Amino acid sequence: MKRRDFLKTAFLSGAIASAGWDPFRAFTNQGRRDTSQKILILGFDGVDPHLLETFIRQGKLPAFAKLWQEGDFKPLGTSIPPQSPVAWSNFITGTDPGGHAIFDFIHRDPQQYLPTFSASKTEEAKRTLNLGNLVLPLSGGEVTLLRQGKAFWQYLEEYDIPATVFKIPSNYPPAPSKQRTISGMGTPDILGTYGIFNFYTTTAAEVQKDIGGGRIHNVYIIGNQIEAKLPGPINSFKKDRPETFVNFKVHIDPVHPVVKISLPGEEFILQEGEWSGWKRVEFPLIPTQSVSGICMFYLKQVRPDFKLYVSPVNIDPANPALPITTPSSYSKELAEKFGPFFTKGLPADTSALDSDILDEKEFLTQDDFILAERNAMFDYELDRFESGVLFYYVSSTDQRQHMFWRLIDKNHPSYEPKLAKEFGSAIEKIYTEVDKILAKALAKIDKNTTLIVMSDHGFCPFRYSFNLNTWLKESGYLSLINEWKQGQEDLFLNVDWHRTKAYAVGLNGLYLNLKGREAEGIVTEREKEALMREIAHKLESYIDPTTGKRPILRAYVTKDVYHGPYTHKAPEIIIGYNHGFRVSWTSPLGGIPKKIVEPNTEKWSGDHCMDPSVIPGILMTNRPIKHSSPHLYDLTASILKTYGIPIPPTMRGKPIF
Amino acid sequence: MGKAKVKLDKDLVERIKKYAEISGYSSPEEFITHCLEKEIAKLEESDSEEEIKKKLKGLGYIS
Amino acid sequence: MWAFNQAITWLFKIIFFPWEKLHPWWGMIYISLLTGLFMLWVFRLTSNQAGIKEVKQQIKAHLLEIRLFKDNMALTLKAQGRILLCNLKYISYSFKPMLVMILPLLLILIQLNFRFAYQPLAPGERTIVKVKVKPGFDLLQMPISLTSSPGIMVETPPLRIEEGGEIDWRIRAVQEGHHLLKIKINNDQEVEKEIFVAARGARKLSTLSPLRPPSNFIPSLLYPLEKPIPSDLPLQDIEVIYPSGNFHFLGLSLHWLIVYFLLAIAFGFGLKRIVGVEI
């Protein structure tokens, strides 16, 4: 470069910087087609048609009422089983699980009889170089989306139709696309888990508790100061794979309930009962390499016992350690605009509420943060929505119904009148919040915009839990190694596979112990069909002696109900639980307690992992729905039809308009 | 492959020698290696089980 | 000392006056250009220009010697030795201008730090105010309070950290503008600290003083923007933590010192022929 050119460039760079130019932004908006027809889809997870109608009739949801009056409202057929990852995959691909291979939150490895994540698979670098205790990757590790089938925005892309898909579940890591997408449910925290919070306390009794989804740390106050560690991901650069962590200090005022938390590079002050907002933490791996995460601190109590909650560490959208958006600059763009934001799939910390680490009020405060972020980002996306498709997703509707159903259902084993008085309106409030989002959408759309408001499933009480593996054992399909050990082990550790014909993994799945497929399978191909039918029949006929009810409404033999190339990978049977019943807490991970049916005394009290007929979702649109009983996959076909894209034969859905 | 020496109690070594011969191992070293590998495999397995539980337990639907 | 600090600060206010309404990049380019020219000027005045020219020519000659007689080991080694000597000579010639430049550069850097290292607080943003108390005072017994003009909200009671003699408060910026924090000690003594709030949108060049220093020489030289705390007060210094003001260029976040030196050196080299300086 000549000197003059160099000077010119230097000046130009300065000018660009002063104008706020961002080199990434220039590439995110491709020159794509302007469409006359637009589709705005609001995906409100778990909104229930009965509740919705009740609130509308009570005049609490003016925007929904308006849309119903001007358009149409029908229950929306959900997936078998009606779990969010399965249901949203039906919508994404326009197929049923036979076409997208997501059958449950949890699948299993037939060789080890161990549960696995159904959504994605993470593999570390295959080729590495060992230098002493260092392991240097020579090839990149890989995260794979396990959902199969083509997403509707990928079809749109082929026809040059722009789409923004915001936090749709079952899309982590995001399917390759030039469209703007950010992953939602299924996106792990920085540890690669569904989310693990940390709780620091001086109360010894709390440290003894074994809780799912959280770690409790015993801390000591020495000279009004606490030293603690925030655990991070495993350091795969080291041979012994140690856990990484960030050290932090807490300085406590000797009198006032106020503390200063010192993280490397940042300090902040919290009073008792305050949240910190997002804080960035860097977990060091080796010199030059670290992993960036974001988390929130909540000072629950200073005295007499010290209690500090730290949210699961989310992937930092400004510097994502794992792929969460397409194009990769999209998360950075949002982070620049809004600062750090929740990236973990299901952001609300239901585990912390369930294990009494956060109380109802604290949980709702956290959920309000989530909602405020979603609202701000919705305004941003809605504002620039000029063409093609915008899909926007809200998770709080689902999470609040899970946690607060016990306070609207007097027959629930966890009903508490006092709490009901204070927090019984939490579910209604979230319905009114999404009504406000809908109102904004109604104000924005023009006559060329199709508005679709949808949910993936509805909700109902979860009063009794059904130990499916215990039922299998009692019915002679599953045998134990040590009878006396029943109820003490999970992950099938006490199962005698040589005498076991069937086992249940996940929330609705039941597998046969097939010879040739399972490591120690005993059921032959010849026996399979009859055995499936026999178990399904027995399950449907089972009556719980204590309640006098049938816990299971339908047991679906998957090959009868699934279509598509992945049907053979499905569990043999999917259980459709009756209203009020769900699989137990321990059965999904291979636990076999002694009783078949137990009351559910947890705070997690509403659910949808029942029979699809019990909990349909909602479909409300500004156009008449021609289909008499629309299903999730019909919406996918309708999107393609709107743009004149031929509906592929692999797609199960039919257009609803 | 490098080798490392490990100190064991004399009585234990005698017992190892005795049982290695009874069980048909070609040498006490082979017997020790086999035992240790079996134990380590167990630990590694339980490690991965712990890892699985940790990964899945944040999912609110299970405990 | 305070009068000297005030004079220097005024001088820099005048220097930066034309760029005050613009993004700090403009001020940075401008001051780097001025620094480059200043360095060239000092070099021309104080260095042995003829000597530098000669020694550079000698180095060139020895380099040529090495290339021409590359087969003659003895000659090559001798030439390399001579190059080394010439280099030492060259460094010794630059020593004087370096010495002359070091003090003014230090003063420049101190002033630039308050213009480029920090960003003002944005409305709604929270930060910490730290007061360091002189050794020997009992923090718990000391009546101390923090108040502010309406643009700033004090959100917490004092947090006393005995180790290090520190008292912290959390404040929240409410309104844009220059505000004053007031620290009251022992009910009768009061000391103030400046604080500046501006919207984050279009960043402008602004002068920020993160610390009000004690009246000792070095701290008041390093923090010249605010009058040192009177020595009869039990306080050592008062600090407001401002967000960092790194420069962003092609996706990189760069410390202002790196940007400044790179630009100043680039300008220096770029302009040396025009100014007619041998370096």
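The values are calculated or read from the model by the stated rules, or taken from the named source; none is laboratory data. From a predicted model like this one, the values you see are computed outputs, not experimental measurements. Methodologically, a virtual Cβ is constructed for each residue, glycine included, from the backbone with ideal geometry; neighbour enumeration extends over all protein chains shown. Side chains are part of the model used for accessible areas, which takes the heavy atoms of the whole protein and leaves out ligands, DNA and RNA. Shrake-Rupley method; radii C 1.70, N 1.55, O 1.52, S 1.80 Å.
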- Kirkwood estimate for segment C:56-99, i.e. one over the average of 1/r between Cα atoms, Å: 11.0
- Message: Please report the antiparallel percentage of DSSP beta bridges with both residues in the protein assembly as shown, rounded to the nearest 5.
- Response: 75
- Note on the structure: Of the accessible area of chain A, computed with a 1.4 Å probe and all protein chains kept, carbon and sulfur make up a percent value of 52
- Item | Convex hull volume per residue in cubic angstrom - Cα atoms of segment A:337-488 | 198
- Item | Residue-level accessible surface for A:Leu407, protein heavy atoms, 1.4 Å, Å² | 10
- Message: Please report, ordered by residue number, every helix of chain A (full DSSP H runs) that is 27 Å or longer along its axis going by C-alpha atoms and whose mean Kyte-Doolittle hydropathy reaches 0.0.
- Response: A:426-444
- For the pair B and A, the solvent-accessible area buried on both sides (1.4 Å probe; DNA, RNA and ligands excluded), in Å² to the nearest hundred, is 2100
- In segment C:126-243 the accessible area split gives carbon plus sulfur, as whole percent at 1.4 Å, a share of 50
- Go through A:Leu299, A:Leu145, C:Leu180 and list them by solvent-accessible area, largest first, probe radius 1.4 Å. C:Leu180, A:Leu145, A:Leu299
- Query: Which whole-number value in Å² is the accessible area per residue of chain A, probe 1.4 Å?
  - Reply: 39
- For segment A:590-603, what does the Karplus curve 6.51 cos²θ - 1.76 cosθ + 1.60, with θ = phi - 60°, yield as ³J(HN,Hα) per residue in whole Hz, taken in order and with x for Gly and Pro? x, x, 9, x, 7, 8, 7, 10, 9, x, 8, 9, 7, 6
- Message: Solvent-accessible area of A:Phe245, probe 1.4 Å, all protein chains present, reported in Å² to the nearest ten, please.
- Response: 80
- Determine the residues within segment C:153-197 where the difference in accessible area between the chain on its own and the full set of protein chains amounts to at least 50 Å²; count protein heavy atoms only and use a 1.4 Å probe. C:Pro157, C:Leu159, C:Arg160, C:Arg170
- Message: Could you compute how fast segment A:465-597 diffuses translationally, taking Rh as the Kirkwood radius over C-alpha pairs and applying Stokes-Einstein at 4 °C with viscosity 1.567 mPa s? Give it in µm² per second.
- Response: 87
- Message: Please list, by residue number, everything in segment C:155-172 whose backbone N is under 20 Å from a paramagnetic label point 7 Å out along Cα→Cβ of A:Glu227.
- Response: C:161-166
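Taking each pair of distinct Cα atoms in segment A:323-364 once, what is the resulting Kirkwood hydrodynamic radius in Å?
Evaluated on segment A:323-364, it is 12.2 Å.
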- Interface A-C: total buried accessible area (1.4 Å probe, Å², nearest 100) of 2300
- Task: Decide, for chain A, between rounded, prolate and oblate: order the square roots of the alpha carbon gyration tensor eigenvalues as a ≥ b ≥ c, take rounded if a/c falls under 1.5, and otherwise choose prolate if a/b is larger than b/c, else oblate.
- Result: rounded
- In a solvent-free Debye calculation with one equal scatterer on each Cα, what is log10 I(q)/I(0) for segment C:126-243 at q = 0.10, 0.20, 0.22 Å⁻¹, listed in the order of the q values? -0.29, -1.15, -1.35
- A:Lys126 to A:Gln58: extension gain in nm, 0.36 nm per residue of separation minus the Cα-Cα distance? 18.5 nm
- Heavy-atom surface of segment C:126-243, accessible at 1.4 Å and reported per residue (Å²): 45
- Leaving ligands, DNA and RNA out of it, rank A:Trp88, A:Trp68 by accessible area with a 1.4 Å probe, largest first. A:Trp68, A:Trp88
- Query: Heavy-atom accessible surface, probe 1.4 Å, ligands and DNA/RNA ignored: which residues of segment A:107-125 lose at least 40 Å² versus the isolated chain?
  - Reply: A:Leu114
- Task: Just the number, please: carbon plus sulfur as a percent of the accessible area of segment B:10-57, 1.4 Å probe, no ligands or DNA/RNA counted.
- Result: 54
- Message: Using the basic label-point model (7 angstrom from Cα toward the beta carbon), what is the C:Lys60 to A:Asp34 distance in nanometres?
- Response: 6.2
- Task: Leaving ligands, DNA and RNA out of it, work out the accessible area of C:Val191 with a 1.4 Å probe and give it in Å² to the nearest 10.
- Result: 10
- Item | Tilt relative to chain B, helix B:10-22 - C-alpha long axis, 0 to 90 degrees, to 10 | 90
- Task: With a 1.4 Å probe and every protein chain left in place, work out the accessible area per residue of segment B:10-57 in Å², rounded to a whole number.
- Result: 79
- Sequence-distant residues sharing a close amide H with A:Leu136 (under 5 Å, placed H): A:Leu129, A:Asn130, A:Leu131
- Note on the structure: Summed over the other residues with a beta carbon less than 12 angstrom from that of C:Val55, with K and R at +1 and D and E at -1, the charge totals +3
- Note on the structure: Straight-line reach check, A:Lys337, cutoff 21 Å on alpha carbons, 8 or more apart in-chain or any other chain, hits among lysines -> A:Lys167, A:Lys178, A:Lys279, A:Lys440, C:Lys204
- If you take the alpha carbon radius of gyration of chain C and divide it by 2.2 N^0.38 Å, what ratio comes out, to two decimals? 1.36
- Percent of Cα-Cα distances greater than 22 Å, calculated over segment A:190-323: 37
- Query: Along its principal axes, what span do the Cα atoms of segment A:377-440 show, with the longest given first and each in whole Å?
  - Reply: 49, 16, 14
- Message: Taking the 0 to 90 degree range and rounding to the nearest ten, how far is the long axis of helix B:28-57 tilted relative to the main principal axis of chain B, both from C-alpha atoms?
- Response: 10
- Long pairs among C:Lys21/C:Lys227; A:Lys238/A:Lys603; A:Lys229/A:Lys603; A:Lys249/B:Lys55; A:Lys654/B:Lys57, criterion Cα-Cα beyond 31 Å: A:Lys238/A:Lys603; A:Lys654/B:Lys57
- Here FRET efficiency (C-beta to C-beta, C:Leu262 to C:Gln189, R₀ 60 Å, nearest 0.05) is 0.85
- Accessible-area order (highest first, 1.4 angstrom probe) of the listed residues A:Phe423, A:Phe152: A:Phe423, A:Phe152
- Item | Reduction of at least 30 Å² in accessible surface, 1.4 Å probe, comparing all protein chains with the chain by itself, residues of segment A:158-193 | A:Thr193
